[in-house]
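Note sheet for the following structure.
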Amino acid sequence: MGWTALKVLEVAALFFFAGVAEIGGGWLVWQTIREGKPWWWALIGSLVLVVYGFIPTLQPIDDFGRLYAVYGGIFIGMSFGWSAIFDGARPDKGDIIGSAICLLGVLVVLFWPRIDGTEEPSDPQVELNSRSLE
């Protein structure tokens, strides 16, 4: 897949909506079970989680494992943001550093150059060494 500014925006928006749906749905269920909110909060949260399950299928990224690995890194930072906004929790230095490391990992996994979307460009020296072992 070739990266353009529009493609990056599309991927980022879908990751954002997936994060809001997953974290928001889970938070509504949590609020019902752990904080005593009404039962219908859990029902709505469950429905939101079902919607979340479909959002990643809209991504232009074809590799399921890579898609979810990248999303996992984004999810970490979004979870801290959600908690700060809705629960008043303040991320500490470890939370912020850990999230930054995850974001760096996301960028490496997402934008690492690949020939056909799944393989790295071949290194002629590595191929030469591999052939000499045969």
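The values are calculated or read from the model by the stated rules, or taken from the named source; none is laboratory data. Worth saying up front: this structure is predicted, and the values here are computed from it rather than measured. Cβ sites come from the backbone with ideal geometry, for glycine too, and all protein chains shown count toward neighbours. Just so you know, the surface numbers come from the protein's heavy atoms only, side chains and all, with ligands and any DNA or RNA stripped out. Shrake-Rupley method; radii C 1.70, N 1.55, O 1.52, S 1.80 Å.
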From the options A89, A100, residue that is modelled with pLDDT of 95 or more and in contact with a Ser or Thr (Cβ under 6 Å, 6 or more places away or on another chain): A89
Options I23, I55, I44, I33; residue that is of a type in the set (V, I, T), open to solvent by 40 Å² or more (accessible area, probe 1.4 Å) and under 28 Å from D95 (Cα atoms): I33
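Matching residues to (1) surrounded by 12 or more Cβ atoms within 10 Å (Cβ to Cβ); (2) free of Cβ contacts under 8 Å to residues at least 40 places away in the same chain:
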residue	(1), (2)
M78	yes, no
S83	yes, yes
P91	yes, yes
G98	yes, yes
L103	yes, yes
V109	yes, no
P113	no, yes
Only listed residue being more than 30 Å from R114 (Cα to Cα) and not in a loop (DSSP other than H, G, I, E, B), chosen from F80, F16: F80
Selection from segment 61-71 of residues that are open to solvent by less than 30 Å² (accessible area, probe 1.4 Å) and touching a residue at least 24 places away in the same chain (Cβ under 8 Å): I61, V70, Y71
One residue from E35, E127 being out of contact with any strand residue (DSSP E or B) (no Cβ under 8 Å at 6 or more places or on another chain), at pLDDT below 95 and on the phi < 0 side of the Ramachandran plot: E127
Residue within segment 59-68 that is at pLDDT below 95, in a helix (DSSP H, G or I) and more than 24 Å from I97 (Cα to Cα) present: yes
